[in-house]
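The values are calculated or read from the model by the stated rules, or taken from the named source; none is laboratory data. What you see is a predicted model; the values in this text were computed from it and never measured. Reconstructed Cβ throughout: ideal geometry from the backbone, glycine too, with neighbour counts over all protein chains shown.
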Amino acid sequence: MKLDKRYERNRIFSREQQEELSEKKAAVIGCGGLGGYAIEMLARAGVGHIKVCDGDVFDETNLNRQLLCTEALLGKGKAEAAAERIKAINSEIEAETVSCNLTEENAAEILGGCDVVIDALDSVSAKMLLQKACRQQEIPMVHGAIGGWFGQVTTIFPGNDTLSVIYPEGTEVSQELGNPSFSPAMTAAMQVSEAIKVILGSEELLMRKMLFIDLLTNDFQVVEV
């Protein structure tokens, strides 16, 4: 990927690091609230290959918080819209579309060759499936979840089954809190930051640690898991 003026303000990265980002492949599993923001930021950061996976289509309930959702796109596939957004940001990024949900049967094919995976799924069972698949493929995964004013982020390397600790068997996400526009934006920003640090080999990661975000009280806590 050509390193042009678009990355002039990415001064936290050396030219070598920017080039490394351009050569790496990230997968975003789920292109809704968290996923839309994550895809936007990965593309603008200069990750050269982004695979987007979602079998759902946009509906009116997505308009309040999903960055990729507009009135004109209601009924359109989320993964397709995500890939189009990536190409609109930077035509040189390789945007790969997977217009189906992750399953045990297709996980290896979807995740194969990725350097990092972002969990933007909205059910615990799907997140657990993703963690298992990432462990089998030996790919680092950045988990994120939101509810109301709250969000959480952790980075999971193969062999570290953090989700099994925080989600006891049978747990599912409650929809009672709902999700506004700002919680996924904040949480996805932290996920992308972690994913980029994974790609660049940083040791300053939320590994075996969970970041809890409370936007109501402006409280951010990191807890060892």
Checklist entry - Is one or more of the residues making up the range 52-65 within 18 Å of the chain's Cα centre (by Cα) and within 16 Å of Met186 (Cα to Cα)? => result yes
Item to check | Residues located in the range 208-225, provided they are touching a Ser or Thr at 6+ places or on another chain (Cβ under 8 Å) and modelled with pLDDT of 95 or more | outcome: Arg208, Lys209, Met210, Leu211, Ile213, Leu215
Next on the checklist: For the structure I just gave you, tell me whether Val165 is among the β-branched types (Val, Ile, Thr), assigned to a strand (DSSP E or B) and either under 18 Å from Leu216 (Cα atoms) or out of contact with any helix residue (DSSP H, G or I) (no Cβ under 9 Å at 6 or more places or on another chain) (or both).
Outcome noted: no
Checklist outcome for this item: Residue pairs within 6 Å by beta carbon, gap of at least six or interchain, first lying in the range 198-225 and assigned to a strand (DSSP E or B), second of a type in the set (Asp, Glu), listed first then second, are Lys209/Glu224
Checklist entry - What number of residues within the range 27-65 are in a helix (DSSP H, G or I) and touching a residue at least 40 places away in the same chain (Cβ under 8 Å)? => result 13
Next on the checklist: On the basis of being surrounded by 13 or more Cβ atoms within 10 Å (Cβ to Cβ), touching a helix residue (DSSP H, G or I) at 6+ places or on another chain (Cβ under 7 Å) and under 22 Å from Glu23 (Cα atoms), does Leu200 make the cut?
Outcome noted: yes
Item to check | Candidate set: the range 13-57, residues that are surrounded by fewer than 23 Cβ atoms within 10 Å (Cβ to Cβ) and in contact with a Cys (Cβ under 6 Å, 6 or more places away or on another chain); chosen: the one nearest to Cys134 (Cα to Cα) | outcome: Lys25
Item to check | Filter result (buried (at least 16 other Cβ atoms within 10 Å of the Cβ) and assigned to a loop (DSSP other than H, G, I, E, B)) within the range 1-12 | outcome: Met1, Asn10
Checklist outcome for this item: Every listed condition ((1) in contact with a Phe, Trp or Tyr (Cβ under 6 Å, 6 or more places away or on another chain); (2) surrounded by 14 or more Cβ atoms within 10 Å (Cβ to Cβ); (3) within 28 Å of Arg44 (Cα to Cα)) holds for Gln221 save (2)
Checklist entry - Of the residues in the range 2-28, how many are touching a strand residue (DSSP E or B) at 6+ places or on another chain (Cβ under 7 Å) and of a type in the set (Asp, Glu)? => result 0
